[in-house]
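The values are calculated or read from the model by the stated rules, or taken from the named source; none is laboratory data. All figures in this text were calculated on a predicted structure; none of them were measured in a lab. Quick reminder, even Gly has a Cβ in these numbers, built from the backbone with ideal geometry, and neighbours come from all protein chains shown. Each accessible area value is taken on the protein alone, full model and side chains, heavy atoms only, with ligands, DNA and RNA left out. Shrake-Rupley method; radii C 1.70, N 1.55, O 1.52, S 1.80 Å.
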Amino acid sequence: MKEITPHPPRQLLLLGIAQALGFVVGALLGRWLGTALGFDAFGPNGYDGPAMLGIALIGLGGGGGVQLGRAWYRRKYGDPRV
């Protein structure tokens, strides 16, 4: 039977930092892309269609950044859930 060794707290802190940075950078890129395409999430018209698409792009960018942070951690240190 394979013995499970938990990841040290320092490595798990790196995972959290990588995910947080990925979220912020991804959300900012989503905001930039939405604004460049004319989907301003914080526009003066309230929650109209283009604003909702801008909000969705921010969410997709943030979520994608988190996933990239997790993928980086898995490549470097292995899966933290094992």
(message) One residue is enough: does region 38-46 have a residue meeting the conditions closer than 17 Å to L21 by Cα and free of Cβ contacts under 8 Å to residues at least 12 places away in the same chain?
(response) no
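The rows are residues; the columns are (1) outside any helix (DSSP H, G or I); (2) open to solvent by less than 90 Å² (accessible area, probe 1.4 Å).
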| position | (1), (2) |
| --- | --- |
| G16 | no, yes |
| L21 | no, no |
| R31 | no, yes |
| Y47 | yes, no |
| M52 | no, no |
| G61 | no, yes |
| G65 | no, yes |
(request) Would you point out which residue out of V25, V82 is in contact (Cβ under 8 Å) with a residue 40 or more places away in the chain and assigned to a helix (DSSP H, G or I)? (result) V25
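Each row is one residue, and each column tells you yes or no for (1) of a type outside the set (V, I, T); (2) at pLDDT below 95.
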{"residue": "P8", "(1), (2)": "yes, yes"}
{"residue": "L14", "(1), (2)": "yes, no"}
{"residue": "V25", "(1), (2)": "no, no"}
{"residue": "V66", "(1), (2)": "no, no"}
{"residue": "R70", "(1), (2)": "yes, no"}
{"residue": "R81", "(1), (2)": "yes, yes"}
